[in-house]
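Okay, so here's the structure we're looking at.
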Amino acid sequence: MTSLQEYVLIDPRTYRVDVFRRTPQNRWELFNFEGADAEVEFASINFHCPMQDIYEDVDFELV
């Protein structure tokens, strides 16, 4: 699927988001965001947000 430019993996146990982006050379590059204070970037949709927004309702004690 050549239209896919980015995909995201979100760790349910800790503040960690892995974003894989397709490069102009048609390779995948990993961008790793870690920590509660990180700012996460989703370049394919031109969107940034604080890590804490992604994990807003997550109770790490239940996972």
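The values are calculated or read from the model by the stated rules, or taken from the named source; none is laboratory data. Keep in mind that this is a model prediction, so the values were computed, not measured. Here the Cβ is made from the backbone with ideal geometry for all residues, glycine too, and neighbour counts use every protein chain on show. Quick note on the areas: whole protein, heavy atoms, side chains included, nothing else; ligands and nucleic acids left out. Shrake-Rupley method; radii C 1.70, N 1.55, O 1.52, S 1.80 Å.
Rolling a 1.4 Å probe over the protein heavy atoms of the chain, with every protein chain left in place, gives an accessible area that is 49 percent carbon and sulfur. Within the chain, the GluC sites (Glu not before Pro) that combine a DSSP coil assignment with at most 11 other C-beta atoms in a 10 angstrom radius are 56, 61.
Extension gain for the segment residue 34 to residue 13, taken as residue separation times 0.36 nm less the Cα-Cα distance, is 6.4 nm to one decimal. Accessible surface calculations at 1.4 Å, restricted to protein heavy atoms, place the chain at 76 Å² per residue.
Taking chymotrypsin sites (Phe, Trp or Tyr not before Pro) across the stretch 16-63, the ones in a DSSP loop with at most 12 further Cβ atoms lying within 10 angstrom of their Cβ are 60. Taking trypsin sites (Lys or Arg not before Pro) across the chain, the ones in a DSSP loop with at most 13 further Cβ atoms lying within 10 angstrom of their Cβ are 13, 27.
With θ taken as phi - 60° and the Karplus curve 6.51 cos²θ - 1.76 cosθ + 1.60 applied, the whole-hertz 3J(HN,Hα) list for the stretch 15-32 is 6, 8, 10, 10, 10, 9, 10, 6, 8, x, 8, 6, 10, 9, 10, 8, 10, 10 Hz, x standing for glycine and proline. For Rg and Dmax of the Cα atoms in Å, the value computed from the atomic coordinates appears in the list [x] 12.2, 34; [y] 14.5, 50; [z] 12.9, 42 under label [z].
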